1. Out of LEU90, LEU23, LEU82, which single residue is at pLDDT 95 or above, closer than 16 Å to THR226 by Cβ and in contact with a strand residue (DSSP E or B) (Cβ under 7 Å, 6 or more places away or on another chain)?
2. Looking at the stretch 7-31, which of the residues that are more than 10 Å from the ligand (Cβ to nearest atom) and touching a residue at least 60 places away in the same chain (Cβ under 8 Å) is most open to solvent (accessible area, probe 1.4 Å)?
3. For the stretch 154-166, indicate whether the set of residues that are of a type in the set (D, E, K, R) and within 12 Å of the ligand (Cβ to nearest atom) is non-empty.
4. Give LEU206, LEU212 a once-over and let me know the one that is crowded, with 18+ Cβ neighbours inside 10 Å and not in a helix (DSSP H, G or I).
5. With the requirement that a residue be within 13 Å of the ligand (Cβ to nearest atom) and surrounded by 15 or more Cβ atoms within 10 Å (Cβ to Cβ), what does the stretch 168-189 give you?
6. All but one of (1) closer than 29 Å to ASP174 by Cβ; (2) without any contact (Cβ under 8 Å) to a residue 12 or more places away in the chain; (3) not acidic (Asp, Glu) hold for ALA75; state the number of the condition that does not hold.
7. Only one of (1) in contact (Cβ under 8 Å) with a residue 24 or more places away in the chain; (2) more than 16 Å from the ligand (Cβ to nearest atom) fails for GLN125. Which number is that?
Amino acid sequence: MDDRSGRSIVILTGAGISKESGLSTFRDADGLWATVRIEDVATPQAFRSNPVRVHDFYNARRRQMADPAVQPNAAHVALARLEAEWPGELLLVTQNIDDLHERAGSHAVLHMHGELLKLRCGHCQVVLEWRGDASVGTPCPSCGHVAGLRPHVVWFGEMPLGMEAIYAALDACDLFISIGTSGAVYPAAGFVEEVRRHGHAHSVELNLEPSLGVSAFDEAIHGPATDIVPAFVERVLTRGW
Ligand code: BJW
């Protein structure tokens with residue numbers, strides 16, 4: 001039996017991995033937070049006080065993701081290859097709400113900050129696939145309530161999804177890879193510390209530039225994701241870490 005089959009990998013991705021696919025990051029100079037205020041679009045309070053504005057923000061991003069020019073890039077494809085060829089466990093935790101990992105062929109994907117192509121009803125909590133625009137007047141197809149549908153995303157002050165499964169995987173994994181994330185937003189920014197305190201994994205940062213948390217990683221490789229992720233995946237599959 002392949003002795004790698006007992007070794008598990010957890011990957012964390014952030015907006016940087018989708019940048020070369022044409023989607024904006026948040027905190028870079030040309031990122032989303034340079035054009036809109038977090039307080040206006042990414043908190044439950046913002047949705048309560050101005051749901052039209054919040055729906056507009058996510059409608060625009062949904063339309064952008066449907067642009068045929070937005071496709072998975074070499075980094076997404078490399079991670080799908082790693083999942084397909086790695087004989088042990090692999091969990092891909094993404095902070096991204098886009099579907100580029102799935103479109104590249106990844107299956108073991110956990111969207112801890114939700115998904116752009118879904119809405120949730122605040123009345124009956126049903127989660128729905130949604131590709132078009134959403135508006136305040138759209139009735140919930142499940143319970144019929146109007147004004148209850150909201151983007152199925154995790155805003156500041158809300159609990160990210162799947163945390164129990166994520167911490168269990170972090171504590172048990174042998175390799176932790178963080179890709180394209182600034183390390184500014186918790187709890188994802190604390191995963192490398194979780195691995196150091198409770199786990200035993202070798203930790204690697206792959207990012208355009210050193211993240212805020214770079215000093216906590218065992219190893220860091222800096223450059224565009226489409227260059228460094230395929231190279232790192234090749235290394236893991238041929239030589240390990
Ligand atoms: C490239 C590249 C290329 C570019 N190749 N790389 C004080 C201390 C600690 C914590 C807190 C605190 N005060 C409040 C908190 C908690 C808060 C938080 O972290 N705040 C910080 C600002 C301090 N966190 C929360 O509220 C979270 N919930 C929580 O903690 O729950 C517990 C709890 C709940 C309730 C009560 C009490 C406790 C929820 C966080 C939700 C985040 N939501 C968002 C928006 C929603 C989704 C969406 O609209 O898309 O998620 S914010 C935004 O940031 C989005 C992202 O997923 C997230 C992370 O951003 P990411 O991915 O790192 O992007 P960037 O832009 O920051 O970085 C991109 C990186 O890529 C850069 O480094 C580039 O260099 C790099 N890059 N091009 C490789 N080509």
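1. The match here is LEU82.
2. Here the answer is ARG7.
3. Yes, because at least one residue in the stretch 154-166 is of a type in the set (D, E, K, R) and within 12 Å of the ligand (Cβ to nearest atom).
4. LEU206
5. Answer for the stretch 168-189, where residues must be within 13 Å of the ligand (Cβ to nearest atom) and surrounded by 15 or more Cβ atoms within 10 Å (Cβ to Cβ): ILE177, SER178, ILE179, GLY180, THR181, SER182, GLY183, VAL185, ALA188, ALA189.
6. Here ALA75 meets the rest and fails (2).
7. The one condition GLN125 does not meet is (1).
This table checks each residue for (1) over 15 Å from ARG103 (Cβ atoms); (2) away from the ligand (no atom under 11 Å from the Cβ); (3) acidic (Asp, Glu).
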{"residue": "TRP33", "(1), (2), (3)": "yes, no, no"}
{"residue": "ASP56", "(1), (2), (3)": "yes, yes, yes"}
{"residue": "ALA69", "(1), (2), (3)": "no, yes, no"}
{"residue": "VAL77", "(1), (2), (3)": "no, yes, no"}
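The values are calculated or read from the model by the stated rules, or taken from the named source; none is laboratory data. The structure displayed is predicted, hence computed values, not measured ones. As a convention, Cβ positions derive from the backbone with ideal geometry for all residues, glycine included, and neighbour counts pool all protein chains shown. In case anyone asks, the SASA skips ligands and DNA or RNA and just uses the protein heavy atoms, side chains included. Shrake-Rupley method; radii C 1.70, N 1.55, O 1.52, S 1.80 Å.
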